[in-house]
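Trainee: Shown below is the structure under consideration.
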Amino acid sequence: MSKSALSTKFWTPRIQRGIFLAIVTLGTGLGFVLGVREATQTPVLKIGEPRVRVEGTTATIQITVKNMSENTIYCPRVGIAAVDRDGLDLDSGVAEPDSTDGRLEPRASANFIGTLTELTQEELDEELDEYVAFIIDKNPCE
Amino acid sequence: MTATEQVSRSILSPTLTPRPDFHITRKLVGVPKWPLALLTMIYTINVSDQYVLPAMFPLLKREFGLSDTGLGVLAGSYLISVTLFTVPFGVVADRFNRTRIIAWGTTAWGMTMIFTGAANGFAMLLIGRMVLGMWDPCDNPTSQSLLADYYPVNQRSKVMGIYQVGQLAGFVLLPIAGIMSQAWGWRATFYFFALPAFVVAALAWRLQEPIRGNQDRKHQRLAEITDEQRVAEATPQVAVEGFAAYKGLFRIKSYMAMLISASAGSLFFGGIGVWAPTFLIRYHDLSIAAATSSIAVVAVGGLIGALVSGNLADYLTQHKHPSARITVAGFARVLSVPFFLIAFSVPQISLVLLSLAIAAMFLVAGIPPTNAARVDVLHPHLRGRGSSLDAVCQGLASAFAPILFGILSDATNLRTTFLILSPLAAVAGIMLLTLGLASYSKDARAVRDQVRREHFASLGFADGGAHEEIGVAEPDDEPTLSEAVKAWVPTDGAMLDVKSLDFSYGPIQVLFGVDMAIPQGGCHALVGRNGVGKTTLLSNIGGLLDAQGGQIFYRGQDLTGIPPDQRTKLGITLMAAGRSTFPSLSVRDNLMFGSYPFTGSHELAAQRLEEILEIFAPLKGRLDQRAGTLSGGEQQMVALGRALVAGPDLLLIDELSLGLAPTITSQLLDVLDQVLEFGTTILLVEQSIGVALAVADTVFFMDRGVVEPLGPADNLDAAALTRRLIEGRV
């Protein structure tokens, strides 16, 4: 049997439709399940809205981080950044624990503070979109 | 009593029916609207990934520790992938089943979105991004080719305008993606964005694959195709295979004009899109958030432009401006320039935004007519490749635009750059108005001729096969129409003029290029066997069905797209076959339904009801009885009475005598005589030759979807006509 005859025999409209429907069903199910799972997942470390004070071209950013876990102690590394409209960094840095040693007990919160000093006036006026804070490393404490 | 006296005395006269000016709306006619809605939705979903990823950049960056270079590579890889795959997908769109390409492509797009959502590092993200870029071009060129074959040629601009909304709607998804990613994370956003893709893909699978060039073939008027000399005149054949196809594309002057125009437009708009927020911040002291959201006015302007220009171009095309698509697109682009210049020059921010919105409206207004015109001048087997080449040129222009604007801005300043480059939009318009306009009609006609020749060849006709192809009988050796009939058939000033009407129920064609002209006044009978298309023709005239090809003129007014309720207001009333009453309503309510065209004139409605009861005396004592409980003859009286309450100028009656006793039929025919004296013109569909000849002044004969005028009823031999009816000859 020639190759084309073989492909015609097996690649019938019915088989095509069957495969198509299987993929569509799989995709729909997969997308829905993964989406719901992701949406309902609570992050272990919850990061609050950045509080910003700008003096000249220096921005000081304070954020609150809360340990949502029941039994793990974390010593997180927290990053801060000023980003433009495209999500690209204008300046970034690391925020340090405000008054604690950075150990976050289960269900506890702590403040972190950092400064951004590399911003220019033009970036502040024309490019800066927002200040963001993020967890660089969750870092469970020893 | 003379007819004039009767007219002046009868309250049922059509001349006494109020016909206030009303807004004539035209709806999209032809095949069902859902393919257009679906393809527009797919367009929106397909472009959404362009906006979703940038919204995710900050989150991706933090999660994977990506540098800005890494993000740039992700964005760039997508563009490279789109550019690389656009041309091959154009070839695929021209060779394979397009609905399947879209269904498979959209499914693959959805799966790739899920894959991207599951990425565990930069490599997976990069692969996901590149594969997404691969599927992106499987939609747009294919959809444009499909739309050209789904919808009538004379509505192409309107269809392209609605389709264009799909792209603009994609912008709306950007803030939605932002909100979703903030609430549920970037992975969930990718997963949820994939879901609608599977739904629309499954629906796309169910779309019917139209025959390529189907609408172009239908668009050819009978008058054109009988001109054998012109049809046979050899316009150069366009190659549709291999590299010769691309060479052929570049030889189509109007296509090249559109390609250059679209690229120039994209070069300008691409730069404006990126730099406009900076312009507003720098020169008008807006905050970044305000400047970014202000750009939304541009999208609104564009949306209006896309929808209006498509309608306008189609309207003008149908009203003796065959190159209107090019003209509208060209002028729209040129007209955008002064508004851009105002926007970039004046200090008042409100005036800036208003001017920007108007300028964007004009600039975007050029897109749908251009897309329609491009399809017009491309052979149906080249439309995928033609559209894909256009997409590549526009994509490259858009990618280069921000760089060009940046370089010029560094050399001068941003305002000067905007002012210097604004004439690019004028260049785009002038290119259309010169080279495009000079060659468009010729190129479009050449395509239609080639489509027709190919179709004849496929049917085995060397030439002149047009008659069989559209279902019109070949002329016999002896002329079909006598001189008397020729003198009778109105050529100018017909009250109702049906031209080349084609109608299909799905794949089954019922009307084949029907031509029929009816003068004002008198009764005109359309006779024919069961199932030859009489009711279908009447329903098309009444607006209950939408023809796929041809036109119907009523008092010189093209009825295309005018819905049935408005046709009633124009004076056309259809009395459907069978017992067309509302059986659960009273006789009074049934009759009063006829006063719809002049709702509000209660006195006139009451007077007409009274007059109807004088004519149909048996109904007098049954006004409160349910219509469904009346005898067949009485129900037919109610149906005819209802039609007469409307005061029709043209009364369409379908099978008046169907299922009625001869005495009842005779009574109804007497009523028709009265109606004629009111000044109403009647088109009566009948199977009974006796009934037709008894009341009609002229007779048309219909068989197998074709109508032939037979002439004055007095000249016809009832026996010969009956024999012909049985034999079914046109």
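The values are calculated or read from the model by the stated rules, or taken from the named source; none is laboratory data. Keep in mind that this is a model prediction, so the values were computed, not measured. Note: ideal-geometry Cβ built from the backbone for every residue, glycine included; neighbour counts use all protein chains shown.
Trainee: Tell me which helices (runs of 4 or more DSSP H) are completely within region B:497-607 and hold 2 or more residues being over 30 Å from B:Lys620 (Cβ atoms) and more than 20 Å from the chain's Cα centre (by Cα), or say none if there are none.
Mentor: Output list reads B:534-542.
One line per residue, one yes/no per condition, for (1) surrounded by fewer than 19 Cβ atoms within 10 Å (Cβ to Cβ); (2) part of a helix (DSSP H, G or I):
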{"position": "B:Ala55", "(1), (2)": "no, yes"}
{"position": "B:Glu63", "(1), (2)": "yes, yes"}
{"position": "B:Leu66", "(1), (2)": "yes, no"}
{"position": "B:Ala75", "(1), (2)": "yes, yes"}
{"position": "B:Tyr78", "(1), (2)": "no, yes"}
{"position": "B:Leu84", "(1), (2)": "yes, yes"}
{"position": "B:Arg100", "(1), (2)": "yes, yes"}
{"position": "B:Ala103", "(1), (2)": "no, yes"}
{"position": "B:Thr106", "(1), (2)": "no, yes"}
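Trainee: While we're looking at this one, here's another question. Can you spot a residue in region B:77-86 that is within 10 Å of chain A (Cβ to nearest Cβ), within 34 Å of the chain's Cα centre (by Cα), touching a residue at least 40 places away in the same chain (Cβ under 8 Å) and on the phi < 0 side of the Ramachandran plot?
Mentor: No, region B:77-86 contains no residue that is within 10 Å of chain A (Cβ to nearest Cβ), within 34 Å of the chain's Cα centre (by Cα), touching a residue at least 40 places away in the same chain (Cβ under 8 Å) and on the phi < 0 side of the Ramachandran plot.
Trainee: Further, regarding this structure: Taking the condition of a type in the set (Ser, Thr, Tyr), out of contact with any His (no Cβ under 7 Å at 6 or more places or on another chain) and in a loop (DSSP other than H, G, I, E, B), does B:Ser666 pass?
Mentor: no
Trainee: Among helices (runs of 4 or more DSSP H) lying entirely in region B:135-212, which contain 1 or more residues that are within 30 Å of B:Leu316 (Cβ to Cβ) and not aliphatic (A, V, I, L, M)?
Mentor: Correct list: B:140-150, B:156-184.
Trainee: Further question on the same structure: For region A:1-98, please list each of the strands (runs of 3 or more DSSP E) lying entirely inside it that holds at least 2 residues being more than 21 Å from the chain's Cα centre (by Cα) and more than 8 Å from chain B (Cβ to nearest Cβ).
Mentor: Those strands (runs of 3 or more DSSP E) span A:51-55, A:58-67.
Trainee: So which of B:Val377, B:Val447 is surrounded by 21 or more Cβ atoms within 10 Å (Cβ to Cβ) and within 23 Å of B:Ala306 (Cβ to Cβ)?
Mentor: B:Val377
Trainee: Looking only at region A:106-135, filter to residues that are closer than 16 Å to A:Ile47 by Cα and exposed (fewer than 15 other Cβ atoms within 10 Å of the Cβ); which one of those is nearest to the other protein chains (Cβ to nearest Cβ)?
Mentor: This residue is A:Ser109.
Trainee: Out of (1) surrounded by 23 or more Cβ atoms within 10 Å (Cβ to Cβ); (2) more than 11 Å from chain A (Cβ to nearest Cβ); (3) of a type outside the set (Val, Ile, Thr), the odd one out for B:Leu71 is which?
Mentor: (2)
Trainee: Let me ask you something else. Under 7 Å by Cβ, and 6 or more places apart or on different chains, what pairs join a residue from region B:678-692 that is in a helix (DSSP H, G or I) with one that is of a type in the set (Gly, Ala, Ser)?
Mentor: The qualifying pairs are B:Phe678/B:Ser10; B:Phe678/B:Ser13; B:Ile689/B:Ala718; B:Gly690/B:Ala718; B:Val691/B:Ser657; B:Ala692/B:Ala525.
Trainee: Within region B:201-217, count every residue that is closer than 28 Å to A:Val33 by Cβ and either facing chain A (nearest Cβ under 8 Å) or surrounded by fewer than 22 Cβ atoms within 10 Å (Cβ to Cβ) (or both).
Mentor: 5
Trainee: Still on this structure: How many of the residues in region A:98-116 are in contact with a Leu (Cβ under 9 Å, 6 or more places away or on another chain) and either of a type in the set (Ser, Thr, Tyr) or under 16 Å from A:Asp137 (Cβ atoms) (or both)?
Mentor: 2
Trainee: Continuing with this model, one more query. Taking region B:177-199, which residues are farther than 21 Å from B:Phe64 by Cβ and facing chain A (nearest Cβ under 10 Å)?
Mentor: If the condition is that a residue be farther than 21 Å from B:Phe64 by Cβ and facing chain A (nearest Cβ under 10 Å), then B:Leu195, B:Pro196, B:Ala197, B:Phe198, B:Val199 are the ones that fit.
Trainee: Sort through B:Ser266, B:Ser254 and tell me the only one that's over 19 Å from B:Leu378 (Cβ atoms) and within 28 Å of the chain's Cα centre (by Cα).
Mentor: After applying the criteria, what remains is B:Ser266.
Trainee: Taking region B:640-671 as the search range and keeping residues that are among the β-branched types (Val, Ile, Thr) and surrounded by fewer than 24 Cβ atoms within 10 Å (Cβ to Cβ), which one is nearest to B:Ser601 (Cα to Cα)?
Mentor: In this case the residue turns out to be B:Val671.
Trainee: Those residues that are part of a helix (DSSP H, G or I) and crowded, with 18+ Cβ neighbours inside 10 Å, I need them from region B:623-632; list them, please.
Mentor: Residue satisfying the conditions is B:Ala627 alone.
Trainee: Mind counting the residues in region B:107-123 that are of a type in the set (Phe, Trp, Tyr) and within 11 Å of another protein chain (Cβ to nearest Cβ)?
Mentor: 2
Trainee: Still on this structure: Does any residue of region B:332-351 turn out to be under 18 Å from the mean Cα position of the chain (by Cα) and either closer than 13 Å to B:Ala425 by Cβ or buried (at least 24 other Cβ atoms within 10 Å of the Cβ) (or both)?
Mentor: no
Let's see how each residue does on (1) modelled with pLDDT of 90 or more; (2) closer than 26 Å to B:Arg206 by Cβ:
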| position | (1), (2) |
| --- | --- |
| B:Asn97 | yes, yes |
| B:Ala103 | yes, yes |
| B:Thr107 | yes, yes |
| B:Gly128 | yes, no |
| B:Gly133 | no, no |
| B:Cys138 | no, yes |
| B:Leu146 | yes, yes |
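Trainee: Where the second residue is crowded, with 18+ Cβ neighbours inside 10 Å and modelled with pLDDT of 85 or more and the first is at the interface with chain A (Cβ under 9 Å from one of its Cβ atoms) and lies in region B:273-285, which pairs have Cβ atoms under 7 Å and are six or more apart or on separate chains?
Mentor: B:Thr278/B:Leu414; B:Arg282/B:Leu414
Trainee: Among (1) farther than 30 Å from B:Phe115 by Cα; (2) crowded, with 19+ Cβ neighbours inside 10 Å; (3) modelled with pLDDT of 90 or more; (4) touching a Ser or Thr at 6+ places or on another chain (Cβ under 8 Å), where does B:Lys253 come up short?
Mentor: (2)
Trainee: Just the residues that are buried (at least 22 other Cβ atoms within 10 Å of the Cβ), of a type in the set (Gly, Ala, Ser) and more than 25 Å from B:Asp149 (Cβ to Cβ), please, taken from region B:510-541.
Mentor: Result: B:Ala525, B:Gly528.
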